[in-house]
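Laboratory data are not the source of any read-out in this text; all were calculated from the coordinates shown. If you're wondering where the values come from, they're calculated on a predicted model, not measured in any experiment. Neighbour counts are summed over all protein chains in view; Cβ atoms, including those assigned to glycine, are modelled from backbone coordinates with ideal geometry.
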Amino acid sequence: MVSSSHRRTVHGHLRAFDLSFFQSQTAQQLREEGRAESRAKDLLLLLGHRGVEVSEEDRERIVGCGDPDVLGLWFRKALTATSTAEVFASDGGSGADAG
């Protein structure tokens, strides 16, 4: 059993730990980049699993896209697309195909 004084000491050390980095703009950007990278990998995996040919240029476009929302849109399109052209096709001026 942990004594209450030890618990208070540990709790005090934890409160004193500076967590501001995790709320910083840099941390938010790193999380956003991580989400985009993960979505790009998922999209490429899905396209490969479905047998959709992905050119090197299309692969670079997907991997180079840093917008998780655009990658999410492409992923949803890839569920039924038979080509990357269908994945990248605009839905009537939404601008989301810019990648």
K41 versus E53: modelled label distance in nm, points set 7 Å from Cα along the beta carbon direction: 2.8
Quick one: net charge of L47's neighbours, Cβ under 15 Å, K/R +1, D/E -1? 0
³J(HN,Hα), Karplus 6.51/-1.76/1.60, whole Hz, each residue of segment 58-66, x for Gly, Pro: 5, 4, 5, 5, 5, 5, x, 6, x
E32-R8 pseudo-label distance in nm [points 7 Å out on the Cα-to-Cβ vector]: 4.4
